[in-house]
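So the structure is just underneath, and the comments pick up after that.
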Amino acid sequence: MIASYVFGSVVEEVGDVERILIALAVEEPVESVPWMSNPPRLEALTSLLRFDKLPMSWWWRPSGWPVWNHTITRAVCFWSATGGLDQGVFDALAAGRIDQLHFVEPAGRDELLAQLRAERDIARCHLEESVAGFREREWRREHKGDGVYPGDHLWSAAAGFVDLDNALMAIEH
């Protein structure tokens with residue numbers, strides 16, 4: 001992991017926060033971490049850290065892409081491999097000083113559209129690979145373990161593609 005970002009209601013000026021939303025940037029090729037995927041070796045880390053026991057949701061982001069997209073519209077880096085924990089982010093959040101945070105977000109509509117198109121293309125390839133491999137014994141074995149089954153990976157591939165495709169249609173029209 002190279003960086004961790006927080007986004008959603010915790011960085012907005014809203015009331016109670018029910019879940020913490022984080023994006024985890026990893027040094028992986030974009031093809032290995034398509035939108036909404038749960039790569040087993042990366043999920044093993046969240047299992048080790050017991051993320052699933054916390055009121056938290058997480059998304060993986062490859063380092064070759066910006067952390068933002070249509071779901072992660074504004075994010076704040078709170079940890080990086082080079083700088084460690086950013087206590088200033090925690091202090092600003094605790095004090096409700098959202099104006100002191102440095103947000104990472106798309107520069108505009110065109111930049112967001114270009115990013116979503118690139119992600120949708122990767123998600124389509126991931127979905128095609130998942131559909132093709134679903135009936136193969138080796139693929140099924142590689143995509144099984146820790147309470148996750150091949151069908152879960154197929155569902156994530158389909159959901160990621162549909163989510164990106166729907167976001168593109170909503171923005172383009």
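The values are calculated or read from the model by the stated rules, or taken from the named source; none is laboratory data. Predicted model, so just to flag it, every value in this text is computed and none were measured. Positions of Cβ are backbone-derived with ideal geometry, glycine not excepted, and every protein chain shown enters the neighbour counts.
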Criterion: closer than 30 Å to residue 79 by Cβ and surrounded by fewer than 19 Cβ atoms within 10 Å (Cβ to Cβ) - qualifying residue of 145, 133: 145
Grab the helices (runs of 4 or more DSSP H) fully contained in segment 106-173, keeping just those with 1 or more residues being among the aliphatic types (A, V, I, L, M). 109-133, 150-172
For segment 106-117 the number of residues that are surrounded by 15 or more Cβ atoms within 10 Å (Cβ to Cβ) and touching a helix residue (DSSP H, G or I) at 6+ places or on another chain (Cβ under 8 Å) is 4
Within the bounds of segment 38-46, is there any residue that is without any contact (Cβ under 8 Å) to a residue 12 or more places away in the chain and out of contact with any Lys or Arg (no Cβ under 7 Å at 6 or more places or on another chain)? yes
Could you list, in sequence order, the residues of segment 121-130 that are surrounded by 16 or more Cβ atoms within 10 Å (Cβ to Cβ), touching a residue at least 60 places away in the same chain (Cβ under 8 Å) and not β-branched (Val, Ile, Thr)? 123, 126
Need the failing condition index for residue 42 against (1) modelled with pLDDT of 90 or more; (2) surrounded by 15 or more Cβ atoms within 10 Å (Cβ to Cβ), just the number. (1)
When you check residue 163 against the structure, is it among the charged types (D, E, K, R) and within 16 Å of the chain's Cα centre (by Cα), yes or no? yes
Members of segment 78-104 that are surrounded by 12 or more Cβ atoms within 10 Å (Cβ to Cβ), out of contact with any helix residue (DSSP H, G or I) (no Cβ under 9 Å at 6 or more places or on another chain) and part of a loop (DSSP other than H, G, I, E, B): 86
Residues of segment 47-80 being touching a residue at least 40 places away in the same chain (Cβ under 8 Å) and either over 24 Å from residue 117 (Cα atoms) or small (Gly, Ala, Ser) (or both), which ones? 47, 63, 75, 77, 78, 79, 80
Hits in segment 57-77 (condition: among the β-branched types (Val, Ile, Thr) and surrounded by fewer than 18 Cβ atoms within 10 Å (Cβ to Cβ)): 71, 73
